[in-house]
Every structure is written in C-alpha cells, then in structure tokens.
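Engineer: Sharing a structure here in structure tokens format.
The values are calculated or read from the model by the stated rules, or taken from the named source; none is laboratory data. The shown structure was predicted, so the numbers you read here are calculated from the model rather than taken from an experiment. In this analysis, Cβ positions are derived from the backbone assuming ideal geometry, glycine residues included, and neighbour counts consider all displayed protein chains.
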Amino acid sequence: MSEKTLKLVWSWTWAIVLGVFLTVLIRFYFFVPVMVDGSSMMPTLHDGDRVIINRFGNVNRFDVVIFKEDDREYVKRVIGVPGDKITYKNDELFINGEKQEEPYLDEYKKQLGNALLTDDFSTEGVLPGGVVPKGTVFVLGDNRRASKDSRIMGPIPESKILGTTPICYWPLEHAKFIR
C-alpha cells in the first residue's frame, strides 16, 4: 500500500473509532434511555413509554425524575425540596402554606369528576419537623391513586436520583417534552 492509502485508511479508522466512542459516551452517560414500568405517572407517562434521562442540571420542584431504589428504577415528580412542608387538602397542593397549581393533573382531574385524585395528606407528623430533610426530595406519581412514592417510601435521597426526564420519545403518539 502506498503512503497516501495508509493515511486514508488511518483517518477513516480514527473517525470510526471516535464516532463509536462519542456515541457510546452520549448514549450511556449523558442521555440514557429508560422504559417506564407501570401506571403511576399516568396521564403524563404510560406503561411502556420510553424516556431519556438527562444527568445534568439541577433537580427542581415539579421536575419528573428517575431514581433507583431497591434495585429498581422509579419515575416520579418532585413535589417537595429540602425545607418544604407539603399538604394536600381537598385535592389541592399547598407547599409552605401557599397553594400551588398542578396543570399537569388538570385533564386527569376532569376525568374523575367529583372524586379526589390525591387524598388529604401532610408531611406533618410523617417527616421530622414536618419538612423535607436536607439532601432529599419528596416525590409523587401523577396517578396519585396508584403510586408507590414518598408517601410510602419516604423522602428520596438526592444521591439516588439518576436525572430528570425532559423527553418522552416512544411510542411516537406519546412523544413530547415532559412538563
């Protein structure tokens, strides 16, 4: 082989190796795909939906996150951050005494008519001092009637959060940016 051919082969080999490396890095570290298992996040996410975990950025109130507990991945919505006191009364959310809107539940609540989606609940008496402890978040599934969440599991350590889920990409009819 000529020197020109060797340089061409080497440049193509290098480009392919770099491309594979970057693809693996992005796929398995930056934006990890996960399949939703169960109905606890309906109507926002459905059983079998595929979402992407964004491992970067801060976790904020009302973000949908994925965390690992008991060797299982859970998808839930952050309702409380450290220092928050959470109360549900008559299907309305109050954080630190202020009423909060939950527009992601509006359609589901309409379907239920007069039935409550979220039973009355308070972190008073359940958490030390009634507030979400430092280094943890309080999470709920959007399908409050069928969700194993912080009401059962307690606050989730921030160290167990794998990332936020900003995008549902499959199936196509469910594809959307998650709010």
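Engineer: Inspect all residues belonging to the stretch 78-89 and state whether any of them is hydrophobic (A, V, I, L, M, F, W, C) and modelled with pLDDT under 95. Even if it seems obvious, please write down each step before you answer.
Structural biologist: First pass over the stretch 78-89, keeping only residues hydrophobic (A, V, I, L, M, F, W, C): 78-79, 81, 86.
Next cut, modelled with pLDDT under 95 only: none.
The answer is no; no qualifying residue exists.
Engineer: Could you list, in sequence order, the residues of the stretch 36-58 that are acidic (Asp, Glu) and either in contact with a strand residue (DSSP E or B) (Cβ under 7 Å, 6 or more places away or on another chain) or in contact (Cβ under 8 Å) with a residue 40 or more places away in the chain (or both)? Break it down stepwise before answering.
Structural biologist: Let us first name the residues in the stretch 36-58 that are acidic (Asp, Glu), namely 37, 47, 49.
Scanning the stretch 36-58 gives a single hit, Asp49.
Engineer: Ok, one more. Can you find, within the stretch 103-148, the residue that is nearest to His46 (Cα to Cα) among those that are in contact (Cβ under 8 Å) with a residue 40 or more places away in the chain and acidic (Asp, Glu)?
Structural biologist: Within the stretch 103-148, the match that is nearest to His46 (Cα to Cα) is Asp142.
Engineer: Further, regarding this structure: Of the residues Asp142, Asp106, which is among the acidic types (Asp, Glu) and crowded, with 17+ Cβ neighbours inside 10 Å? Quick ask: steps written out before the conclusion?
Structural biologist: Values: Asp106 fails: crowded, with 17+ Cβ neighbours inside 10 Å.
Step by step, each of Asp142, Asp106 is checked, and only Asp142 is among the acidic types (Asp, Glu) and crowded, with 17+ Cβ neighbours inside 10 Å.
Engineer: Can you work out which of the residues in the stretch 156-179 that are crowded, with 20+ Cβ neighbours inside 10 Å and not polar (S, T, N, Q) is farthest from Val36 (Cα to Cα)? Spell out the reasoning first.
Structural biologist: First pass over the stretch 156-179, keeping only residues crowded, with 20+ Cβ neighbours inside 10 Å: 156, 161, 163-165, 168.
Filter once more, so that each one left must be not polar (S, T, N, Q): 156, 161, 163, 168.
Details: Ile156: 18, Ile161: 15, Gly163: 14, Cys168: 10 Å.
So the residue we want is Ile156.
Engineer: Hey, does the stretch 116-137 have a residue that's within 23 Å of Pro33 (Cβ to Cβ) and at pLDDT below 95?
Structural biologist: Looking for residues that are within 23 Å of Pro33 (Cβ to Cβ) and at pLDDT below 95, one finds none in the stretch 116-137, hence no.
Engineer: Tell me yes or no: at least one residue of the stretch 127-140 is outside any helix (DSSP H, G or I), closer than 19 Å to Phe62 by Cβ and among the charged types (D, E, K, R).
Structural biologist: No; the residues of the stretch 127-140 include none that is outside any helix (DSSP H, G or I), closer than 19 Å to Phe62 by Cβ and among the charged types (D, E, K, R).
Engineer: Next question. For the subset of the stretch 141-169 comprising residues that are over 15 Å from Ile86 (Cα atoms) and in a helix (DSSP H, G or I), which member is farthest from the chain's Cα centre (by Cα)?
Structural biologist: Applying the filter and picking the extreme gives Arg145.
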